[in-house]
Amino acid sequence: MIKILQTKSGVTKFQVLIEVAAHQPNVRQKEIAAKIGITPQAVSEYIKELVNDGLIVTEGRVRYRITKEGVEWVLENATEMKQYARFVMEDIISHVSTWTAIAKEDVKEGEQVYLKMERGLLYVSSTEKTGASGSVISDASAGEDVGVTSLRGLIDLENATVTICKVPRIERGGSRKIDIERLRSLTSSKPYIAAIGVEALIALRKIGITPNVMFGSNESVIEAAYHGLSSLVVSVDEQVPSLLNRLETENLEYELVDLTLE
């Protein structure tokens with residue numbers, strides 16, 4: 001599947017498909033063009049592409065319907081759109097026209113830079129080209145915070161996943177009754193680690209890890225996911241259902257691992 005936030009054309013394709021679905025079966029290409037700000041000829045080309053991809057079917061002149069595959073494509077990419085929209089609302093609109101980023105190397109005022117999300121943080125580089133660019137508003141040394149304005153393009157966000165590791169309550173053995181080596185293996189691939197419950201905290205300490213967060217873990221891992229940062233949550237078993245409900249409400253991908261030893 002195409003990840004819509006990787007290209008401007010992908011976003012437009014998504015918009016055209018939504019408009020086709022909303023007005024099927026009679027699709028007026030001029031109205032779609034006017035609504036999303038492209039030419040009718042461009043709409044026609046996107047519709048041809050959508051038909052070729054099997055996302056819509058034609059039923060004759062100006063009559064189209066979205067297919068099952070088209071619905072699945074919309075649902076998959078709507079999650080990415082939601083994450084991007086939330087990032088825009090919280091990190092862009094709230095700061096008007098200037099983003100705060102971290103310089104990957106020394107930059108000079110007015111220099112064109114490229115923007116990239118890494119481990120949930122926004123970085124700028126003058127050499128590493130990406131799909132989003134802007135101009136820095138001041139000199140900055142590598143590692144310093146710097147403002148970026150005149151933004152163009154879209155920032156790619158990685159699809160974040162959440163792994164939940166369930167540990168038993170102390171009455172059932174707590175951290176003494178878990179597969180410690182499996183926990184060690186799982187933590188090695190996750191940049192953001194949260195603990196819910198003392199049993200979970202001690203389990204992590206046994207493998208030499210201090211969690212990034214312990215209080216407010218549910219909301220923290222959701223915010224991390226919206227910034228493209230995958231997480232591992234070690235949680236006492238009785239707290240797992242509420243976390244799963246939150247992740248499902250936000251339509252975030254997750255896997256559940258029971259670390260309890262038999």
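The values are calculated or read from the model by the stated rules, or taken from the named source; none is laboratory data. What you see is a predicted model, and the numbers here were worked out from it, not measured in a lab. Backbone-built Cβ (ideal geometry, glycine too); neighbour counts: all protein chains shown.
When you check Ala101 against the structure, is it in the same structural domain as Val234 (by TED's automatic domain parsing) and either in contact with a Gly (Cβ under 7 Å, 6 or more places away or on another chain) or among the hydrophobic types (A, V, I, L, M, F, W, C) (or both), yes or no?
On the way: in the same structural domain as Val234 (by TED's automatic domain parsing): no; either in contact with a Gly (Cβ under 7 Å, 6 or more places away or on another chain) or among the hydrophobic types (A, V, I, L, M, F, W, C) (or both): yes.
So Ala101 does not fit the description; no.
Considering only residues of segment 139-165 that are among the hydroxyl-bearing types (Ser, Thr, Tyr) and without any contact (Cβ under 8 Å) to a residue 60 or more places away in the chain, which is farthest from Leu183 (Cα to Cα)? Reasoning before the result, please.
The first filter runs over segment 139-165 and keeps only residues among the hydroxyl-bearing types (Ser, Thr, Tyr), leaving 141, 149-150, 161, 163.
Narrowing the set further to residues that are without any contact (Cβ under 8 Å) to a residue 60 or more places away in the chain leaves 141, 149-150.
On the way: Ser141: 38, Thr149: 43, Ser150: 44 Å.
That would be Ser150.
If you check Glu45 against the conditions, is it modelled with pLDDT of 85 or more, more than 18 Å from the chain's Cα centre (by Cα) and surrounded by fewer than 16 Cβ atoms within 10 Å (Cβ to Cβ)? Give the steps one after another, and end with the answer.
Numbers: modelled with pLDDT of 85 or more: yes; more than 18 Å from the chain's Cα centre (by Cα): yes; surrounded by fewer than 16 Cβ atoms within 10 Å (Cβ to Cβ): yes.
So Glu45 passes the test.
Hey, can you tell me all the residues within segment 206-246 that are in contact with an Asp or Glu (Cβ under 9 Å, 6 or more places away or on another chain) and of a type in the set (Lys, Arg)?
Arg246
Given the structure, is Gln83 modelled with pLDDT under 80 and in a helix (DSSP H, G or I)?
Details: modelled with pLDDT under 80: yes; in a helix (DSSP H, G or I): yes.
In short, yes.
Kindly indicate whether any position in segment 45-58 is assigned to a helix (DSSP H, G or I) and β-branched (Val, Ile, Thr). Spell out the reasoning first.
We begin by selecting, within segment 45-58, every residue assigned to a helix (DSSP H, G or I); these are 45-52.
Of the ones still in play, those that are also β-branched (Val, Ile, Thr) are 47, 51.
Looking for residues that are assigned to a helix (DSSP H, G or I) and β-branched (Val, Ile, Thr), one finds at least one in segment 45-58, hence yes.
What are the residues in segment 129-146 that are surrounded by fewer than 19 Cβ atoms within 10 Å (Cβ to Cβ) and under 21 Å from the mean Cα position of the chain (by Cα), if any? Talk me through it step by step, then tell me what you get.
Filtering segment 129-146 down to residues surrounded by fewer than 19 Cβ atoms within 10 Å (Cβ to Cβ) leaves 129-131, 133, 135, 137-139, 141-145.
Scanning segment 129-146 gives Lys129, Thr130, Gly131, Ser133.
Does segment 214-235 contain any residue that is more than 24 Å from the chain's Cα centre (by Cα) and buried (at least 16 other Cβ atoms within 10 Å of the Cβ)?
Let us first name the residues in segment 214-235 that are more than 24 Å from the chain's Cα centre (by Cα), namely none.
No, every residue in segment 214-235 fails to be more than 24 Å from the chain's Cα centre (by Cα) and buried (at least 16 other Cβ atoms within 10 Å of the Cβ).
Every residue in segment 187-200 that is buried (at least 19 other Cβ atoms within 10 Å of the Cβ), outside any strand (DSSP E or B) and hydrophobic (A, V, I, L, M, F, W, C), please.
Within segment 187-200, just Ala200 meets the criteria.
Return the pair list, or none, for Cβ contacts closer than 6 Å from residues in segment 241-258 that are under 22 Å from Leu183 (Cα atoms) and in contact (Cβ under 8 Å) with a residue 24 or more places away in the chain to residues that are surrounded by 13 or more Cβ atoms within 10 Å (Cβ to Cβ) and of a type in the set (Ser, Thr, Tyr), at least 6 apart or on different chains.
Leu247/Tyr254; Glu253/Thr161; Glu255/Thr163
Suppose we keep only residues that are closer than 15 Å to Asp156 by Cβ and surrounded by 15 or more Cβ atoms within 10 Å (Cβ to Cβ) within segment 100-123. Which one would you say is modelled with the lowest pLDDT? Outline the logic, then answer.
Initial filter on segment 100-123 (closer than 15 Å to Asp156 by Cβ): 101, 114-123.
Keeping just the survivors that are surrounded by 15 or more Cβ atoms within 10 Å (Cβ to Cβ) gives 101, 114-117, 120, 122-123.
Details: Ala101: 91, Tyr114: 92, Leu115: 91, Lys116: 88, Met117: 84, Gly120: 78, Leu122: 88, Tyr123: 92.
Here the answer is Gly120.
If we scan segment 204-211, do we find a residue that is aliphatic (A, V, I, L, M), outside any helix (DSSP H, G or I) and under 26 Å from the mean Cα position of the chain (by Cα)? First the steps, then the outcome.
First, the residues of segment 204-211 that are aliphatic (A, V, I, L, M): 204, 207, 209.
In the following step, the residues that additionally are outside any helix (DSSP H, G or I) were identified as 207, 209.
Cutting the leftovers down to under 26 Å from the mean Cα position of the chain (by Cα) gives us 209.
Yes.
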